[in-house]
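A quick write-up on the structure given underneath.
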Amino acid sequence: MTIKSDELAAEMRALRDRVVGVTDVIVASADGLLITAEADVSVDGECLAALTAAALGIARRTGTATGKGLVHHTVARFNDGYLVTQAIGDMALMAVLGDSGMDVKRFHSESQLSADRIGLLLTSETGIAPAG
């Protein structure tokens with residue numbers, strides 16, 4: 001693991017620690033390739049990356065088609081929790097799983113800072129290669 005990968009993992013853990021109910025965090029390329037995951041072994045990071053990229057792509061297209069502008073994040077609420085997808089520029093995304101008690105309001109206030117930091121790490125000179 002490189003220094004940048006360590007910093008990326010630390011930022012993902014920090015978001016999980018700052019927001020009650022966040023259970024798993026992954027970072028993926030905009031086309032759905034897993035870059036890294038801070039997730040339970042029961043979470044298929046590669047599958048989640050691909051599905052989340054597709055959902056974010058649909059949301060982006062919807063924003064354009066309806067004149068609502070750029071998408072910042074999507075929220076899916078399920079019986080047992082949440083999936084929040086945060087765009088990281090045009091090149092990447094962060095997918096966050098939370099339990100049913102996730103503090104969504106707090107997440108919204110904290111996630112942009114994490115997305116900005118992750119974006120900086122991903123665009124640094126050395127960059128981070130997708131997992132695999």
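For this structure, a couple of remarks:
- Relative exposure of His108, His73, judged by other C-beta atoms within 10 Å (fewest first): His108, His73
- The stretch between Arg61 and Ser109 holds 14.8 nm of extra length on full extension. This uses 0.36 nm per residue minus the Cα-Cα distance.
- For region 3-122, the orientation-averaged shadow of the C-alpha convex hull comes to 7.0 nm² (one quarter of the hull surface).
- For region 60-124 and region 1-52, distance of Cα centres in Å: 12
- Site pair Ser100 and Asp116 shows an inter-label distance of 3.5 nm when each label is modelled 7 Å from Cα along Cα→Cβ.
Only the coordinates and a few stated rules stand behind these numbers; no lab work does. Predicted model, so just to flag it, every value in this text is computed and none were measured. Quick reminder, even Gly has a Cβ in these numbers, built from the backbone with ideal geometry, and neighbours come from all protein chains shown.
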